[in-house]
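See below for the structure under consideration.
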Amino acid sequence: MVVGPGTQVPIALDPAEGAKSIEGRSLGRIAWTRLKRDRVAMGGGYVVIFLILVAVFAPLIVDVLGSPPNEFHQKLIDTSTLAPIGGTGISADHLFGVEPQNGRDIFSRVVYGARISLLIAFLATLLSVVIGSTLGVIAGYFGGWVDAFISRAMDVFLAFPLLVFSIALAGVIPDTAFGLSGDSMRIALLIFIIGFFSWPYIGRIVRGQTLSLREREFVDAARSLGARSPHIIFKEMLPNLVGPILVYATLLIPTNILFEASLSFLGVGIRPPTASWGGMLSEAAKFYTIWHFMFFPGIAIFITVLAFNLFGDGLRDALDPKGKR
Amino acid sequence: MIRTSKVLVAGTAALALSLSAAACGGKDDSNGSTGTTATKAEFNAALTKVFNPSDKKGGTIKLANAGDWDTLDPGETYYGYSWNFLRLYGRGLLMFKPTPGAEGNTVTPDLAEGVGVPSDGGKTWTYKIRKGIKFEDGTVIKAADVKYAVLRSIDKETFPNGPAYFEGFLNLPAGYKGPYKSKGVNTDSAITTPDDNTIVFHLKSAFGGFDYLAALPQTVPVPAAKDTGAKYKEHVVSSGPYMFDQNNLGKNFTLKRNPNWDQATDSNRKALPDGYEVALNVNADDIDNRLLSGDLDVDVVGTGVQPAALGRVVGDPALKAQTDNPVLARLWYTSINPTVAPLDKIDCRKAIEYAADKTGYQTAYGGPLAGGDIATTILPPMIPGYQKFDLYPAGADGTGDVAKAKEALAACGQPNGFETNMGYRAERPKEKATAESLQQSLARVGIKLTLKPYPQGDYFSQYAGNPPYVKANKLGLVTNGWGADWNDGFGFLSQIVDSRVIRETGGSSNTSVRIPEVDKMLDTAVAETDQAKRDAQWGPIDKRVMEEAVILPGVYAKSLIVRPKRLSNVFISEAYNMYDYLSLGVA
Amino acid sequence: MFTYIIRRLLAAVLLLFIVSAATFAIFFLIPRLVGSTPETLATRYVGRAATPETVNLIAHRLGFYDPVWLQYGRWIKGIFVGADYSFGAGVEHCPAPCFGYSFVTHQPVWPELLDRLPVTLSLAIGASILWLTFGLSTGVVSALRRGSVLDRTAMSFSLAGVSLPIFFTGMVALLLFSYKLGWTAPGGTYTPFTEDPGQWFYALLLPWLVLALQFSAQYARLTRAGMLDTMSEDYIRTARAKGLRERDVDIKHGLRAALTPILTIFGLDFGLLLGGAVLTEQVFSLPGLGKYAVDAITTNDLPKVLGVTLMAAFFVVIANLVVDLLYAVVDPRVRVG
């Protein structure tokens, strides 16, 4: 009988005492319980879920609470100073006010910006995880020259002056290339750049974990039973790697959100007029005396990144038996 | 032509006399402004008058540039501010008169004794150069130096960024590549120097406005012995009242007095300050703050304050009194391309002209102060020959005439509107704002625009200015803009309404105007050597193009610039549409 | 040991080649893959009046018609032996290392890089002194007083600091401290130390603080985690049992052990910062390498981009190398592997 997650090992007790059967707890269950107890992390988690919902239901939210993100409202702008009349333009129609000069609704742009940021960050992280885990496991398991080669590759990637390089790459690709155009092209490009250059982050962790797992008894046991390498990798090691991968992926997401915001801030990320938080901050820099224009996108980035960091931290502590809290 | 030049010379003298009389006459501080001068600081005080006149010598003027200078080399520089400033260290054959008002838009002799003398029906132009003018090292300037300067500017491999008028008009030998690569080639077919003080230009075809070419910095003499090609900008040899003291490219440079400049040979310059300091690549918002505090004298590029400072200035009457609001010789417009259906029908194009929200266009560019005045013609008002008309009135509030637009749509068979694409330059937020504004205003009559941003580097060569691309991608509208190299009808219209500049391989600013009648009208005007007669022909050309509804004029650009606090003789030059840098002194 | 150093040096050099080749590929190959021709590439470097002939001339002059590997070879050769450039009326020799001439300003790139380096260096050194001091001490104190109010507050602030995008912090700081309160210098007023030390300090104060804020938050967390790790080791318990003073236990044994990984991370971070303090320099308009890179990329000035990318990679590689060598000195196991 293979003992795996969820198996219940009943222990008989005197039924007269009304005792229930004690269930064996798997690693996952233990971690989950520990996580639930960490209220700060759970708080972060709820905010994350909230943000994901906002991103998914953006069109609906904007329909109800705001105006179309690219629509101008120049009647609300004082045309000689280009500032919104009354300073910010915050009203029931425009919860976060309007942008100077063109009068666009900041609330809807922040909401749509959430879509862009989360979409790119998630998919880029997924890309990093796929590449990083695969290469990391292969390097850790097979060792030898395979490991040396992959490790050197990781060094190369980590040596690139990442931001400069990504700016260069993002700036050089025209708006129509490889069959795609416009927003979808930029999004795909950003996912590729961010994801592709972040894989060593996951790769290193996975490699390290694989190296230590390789020496454990259950691998020997499987091998002595005649299992071949692919089976060992996928059926034995990977399930044990899921924990660390999940933790570091969750911690990678906020880094990627900041990365995308930085690229958009520098003008090589998502192109205007599509709303993105970094792009809005970049435009706000020109109108530096109008505080609300820089405040709302900036706070949006802050809250999102903070929430992911809190949740990721909590996840790491929950899965780590040494518990450094 | 001789009659005109005599009038010009006499006029210049009279004006100079009256100006100096007003300056010497002391301060008119009772009500602030009298005749041609003003001393009370108020909004637009320096727009048409000399503000704070004075003859006091001494001091150093401090200027700053938010970017890098395009180039200090007179053979390659192509920006108005640079041409304005260059007169301090270079003297070309002619120059624009340093006086306020419309007179500032006329040419006056500088190195030459008088304006050009045309012959051979306008195919040959002769200039006599004053005697005894020296370079900064004491060598006397000869006609050969001017010839050399013009010829070297033709080498577009060494100087790719400069104006290309001379190689277009001069009768150069075939395959001539400039003095570096075509050494020893005889260029007498294009320029001859019968003696040390006469220079004659031979053109391929008659051109009545050649004096404007003679006013280009490319006629500033360059000593062949000291010419270092693309490195010449590191030390330009001065022929003007100031020479280069220090030159740290990309950072800053300073000018000091040129001991070999003789005031007796120069009736245009007073050379009041002792020197100039120019800082480059300074943060733009920083420039504005320092201008307003008086720490800096001039934003040399002269295109206006940044949005942040705009808010400060407009809201504060004390600060607003420190600014001027000149109109630039620049039109921001949208081309309506008749090669894209259904815009091949004139009524569909007229619908766009009527439905466009001109006030929205103006706001997109920055509003009535910093953006511009709503335009109804192609020529901006300061171009000689401008005629005021409005073929497609946009209603009382300037937001467009929806009723007339709908009538036009019905007439062209699209009563419910139609769809087309609109191109704009992605890096230009004002063009993006314009496109979005038009998208909204045209939607009111059912015209649906899909906006397409393009990189500005290739905008004309690959996209908006490339006829096959326009047709294939149904670019019915494209944002556009034009500023003349000099303020006359030719300089303004030739590149944007002449159908012959349109190339199938792309690259021209004219994307939509193909009217054979207009081409003929242009040719007639170009060949006319009488200035008054020539200027009278630009207005009708403007109107004829507007009747075809292939251009939607947006705004005549304006800029809001901060007046220097501690300088004298401040006025707006109509030639450069910013402060005249030649006449400034330190009060 | 010696062979280890040699191997790492060679690896570093190889790394630099790879980075330069990749950058070259991005700028020269990718445009071709998406359909640009030498002419369309050249249109960016000519003025408004450019005729097709001019574009052609410039495309030839800048070498766009040569195959990419040839252009790359020429550039590499320039770095080692210098190159000659024709200016129309003469020829100039550009001494090694020659990173070519800007396509836009026709000025040699290498002197410009050297000119910008002190700015980035000033920014990095000043900020790192601040963040090491503040970050490490906060982390140590937090670790020692684990679970206390002080610890929790410090860690909350650190978490917030790590979650704020630096360009947002920078912009808000500029608005508040420079423009509204006037306490610090506005953007773009940097003067070199050699010209005016007072103004140099004044201009860099806010950028230092903003940069240090972000990094101290990170380092506080790292230090705390590292300290907690080492403090739970057996030898610490032994030291205490032996009767050593608590302070000696904490600092001499605990902190020392925790510091080693922190310092290696610092080495890497410093290297990265030298290569690309792009966001800080952009927000505060500091004329350093980062801003140079962004300006070069937006104007498509390829020699400048290549130069600054290689320089940035150089710093990262050197930092990696130094860190690896230090580790080899400290930990003998590394040399064998």
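Quick notes on this structure:
- Filtering region A:70-88 to residues that are modelled with pLDDT under 80 and among the small types (Gly, Ala, Ser) leaves A:Ser80, A:Gly86, A:Gly87.
- Residue tally, condition closer than 20 Å to C:Thr54 by Cα and of a type outside the set (Gly, Ala, Ser), over region B:168-191: 11
- Filter pass, B:Lys49 being more than 21 Å from the chain's Cα centre (by Cα) and surrounded by fewer than 24 Cβ atoms within 10 Å (Cβ to Cβ): no
- Hey, B:Tyr232 crowded, with 23+ Cβ neighbours inside 10 Å and among the aromatic types (Phe, Trp, Tyr) or not: yes
- Qualifying residue in region C:251-267 (condition: basic (Lys, Arg) and away from chain A (no Cβ under 11 Å)): yes
- Search result, residues across region C:292-304 that are in contact (Cβ under 8 Å) with a residue 24 or more places away in the chain, in a helix (DSSP H, G or I) and within 12 Å of chain B (Cβ to nearest Cβ): C:Tyr292, C:Lys304
- Residues that are at pLDDT 90 or above, crowded, with 21+ Cβ neighbours inside 10 Å and outside any strand (DSSP E or B), drawn from region B:271-286: B:Leu272, B:Pro273
- Selected residue (only one of C:Phe270, C:Phe284 is touching a residue at least 12 places away in the same chain (Cβ under 8 Å), surrounded by 24 or more Cβ atoms within 10 Å (Cβ to Cβ) and either more than 12 Å from the chain's Cα centre (by Cα) or over 19 Å from B:Ala66 (Cα atoms) (or both)): C:Phe284
- Of residues in region A:152-188 being touching a strand residue (DSSP E or B) at 6+ places or on another chain (Cβ under 8 Å) and at pLDDT 75 or above, the one nearest to the other protein chains (Cβ to nearest Cβ): A:Met185
- Among the conditions (1) modelled with pLDDT under 50; (2) crowded, with 18+ Cβ neighbours inside 10 Å, the only one that B:Ser18 does not satisfy is (2).
- Answer from B:Thr479, B:Thr511 - the residue that is among the β-branched types (Val, Ile, Thr), buried (at least 19 other Cβ atoms within 10 Å of the Cβ), under 20 Å from the mean Cα position of the chain (by Cα) and more than 13 Å from chain C (Cβ to nearest Cβ): B:Thr479
- Scan of region B:272-297 for residues that are out of contact with any strand residue (DSSP E or B) (no Cβ under 7 Å at 6 or more places or on another chain) and hydrophobic (A, V, I, L, M, F, W, C), ordered by number: B:Ala284
- For B:Phe85, the conditions (1) in contact with a Lys or Arg (Cβ under 8 Å, 6 or more places away or on another chain); (2) modelled with pLDDT of 95 or more all hold with the exception of (1).
Listed here are the residues, each with its yes/no results for (1) assigned to a loop (DSSP other than H, G, I, E, B); (2) surrounded by fewer than 18 Cβ atoms within 10 Å (Cβ to Cβ).
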position	(1), (2)
A:Phe96	yes, no
A:Phe107	no, no
A:Val129	no, no
A:Phe192	no, yes
A:Gly203	no, no
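- Being closer than 20 Å to C:Gly182 by Cα and away from every other protein chain (no Cβ under 14 Å) is a property that does not hold for B:Gly302.
- Yes/no for A:Pro230 being within 22 Å of A:Leu35 (Cβ to Cβ), over 15 Å from the mean Cα position of the chain (by Cα), surrounded by fewer than 21 Cβ atoms within 10 Å (Cβ to Cβ) and more than 14 Å from chain C (Cβ to nearest Cβ): no
Each row is one residue, and each column tells you yes or no for (1) without any contact (Cβ under 8 Å) to a residue 40 or more places away in the chain; (2) away from chain C (no Cβ under 11 Å); (3) farther than 21 Å from A:Ser166 by Cβ.
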| residue | (1), (2), (3) |
| --- | --- |
| A:Leu263 | no, no, no |
| A:Pro272 | yes, yes, no |
| A:Trp277 | no, no, no |
| A:Ser282 | yes, no, no |
| A:Thr304 | no, no, no |
| A:Asp313 | no, no, yes |
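- Some residue of region C:155-167 being within 12 Å of another protein chain (Cβ to nearest Cβ), assigned to a loop (DSSP other than H, G, I, E, B) and within 22 Å of the chain's Cα centre (by Cα): yes
- Residue match in region B:562-578 (condition: part of a strand (DSSP E or B), in contact with a helix residue (DSSP H, G or I) (Cβ under 8 Å, 6 or more places away or on another chain) and not aliphatic (A, V, I, L, M)): yes
- Residue that is farthest from the other protein chains (Cβ to nearest Cβ) [pool: residues in region B:60-72 that are assigned to a loop (DSSP other than H, G, I, E, B) and in contact with a Lys or Arg (Cβ under 8 Å, 6 or more places away or on another chain)]: B:Leu72
- Any hit, region B:208-219, residues being more than 14 Å from chain C (Cβ to nearest Cβ), free of Cβ contacts under 8 Å to residues at least 40 places away in the same chain and surrounded by fewer than 23 Cβ atoms within 10 Å (Cβ to Cβ): no
- Restricting the search to helices (runs of 4 or more DSSP H) fully inside region C:1-110 and requiring at least 1 residues that are within 9 Å of chain B (Cβ to nearest Cβ) gives C:38-42, C:52-61.
- Annotation: A:Ile193 fulfils all but one of (1) within 30 Å of C:Leu16 (Cβ to Cβ); (2) of a type in the set (A, V, I, L, M); (3) more than 13 Å from chain C (Cβ to nearest Cβ); the unmet one is (3).
- Test: residue in region B:150-161 that is more than 14 Å from chain C (Cβ to nearest Cβ), buried (at least 21 other Cβ atoms within 10 Å of the Cβ), within 20 Å of B:Asp485 (Cβ to Cβ) and touching a helix residue (DSSP H, G or I) at 6+ places or on another chain (Cβ under 8 Å): yes
- Top-ranked residue of region C:166-198 - restricted to ones that are free of Cβ contacts under 8 Å to residues at least 12 places away in the same chain and crowded, with 16+ Cβ neighbours inside 10 Å, ranked as farthest from A:Phe293 (Cα to Cα): C:Tyr179
- Strands (runs of 3 or more DSSP E) within region B:388-504 that include 1 or more residues touching a residue at least 40 places away in the same chain (Cβ under 8 Å) and within 30 Å of B:Ala206 (Cβ to Cβ): B:475-483
- Subset of region B:446-460 (residues that are more than 22 Å from the chain's Cα centre (by Cα) and within 10 Å of chain C (Cβ to nearest Cβ)): B:Pro455, B:Asp458
- Scope region B:355-384; condition under 30 Å from B:Gln531 (Cα atoms), of a type outside the set (A, V, I, L, M, F, W, C) and either over 21 Å from the mean Cα position of the chain (by Cα) or surrounded by fewer than 22 Cβ atoms within 10 Å (Cβ to Cβ) (or both); matching residues: B:Asp373, B:Thr376, B:Pro381, B:Pro384
The values are calculated or read from the model by the stated rules, or taken from the named source; none is laboratory data. Just so you know, these numbers come straight off a predicted model, no measurement behind them. Cβ coordinates were reconstructed from backbone atoms using ideal geometry, including for glycine residues, and neighbour counts include every protein chain displayed.
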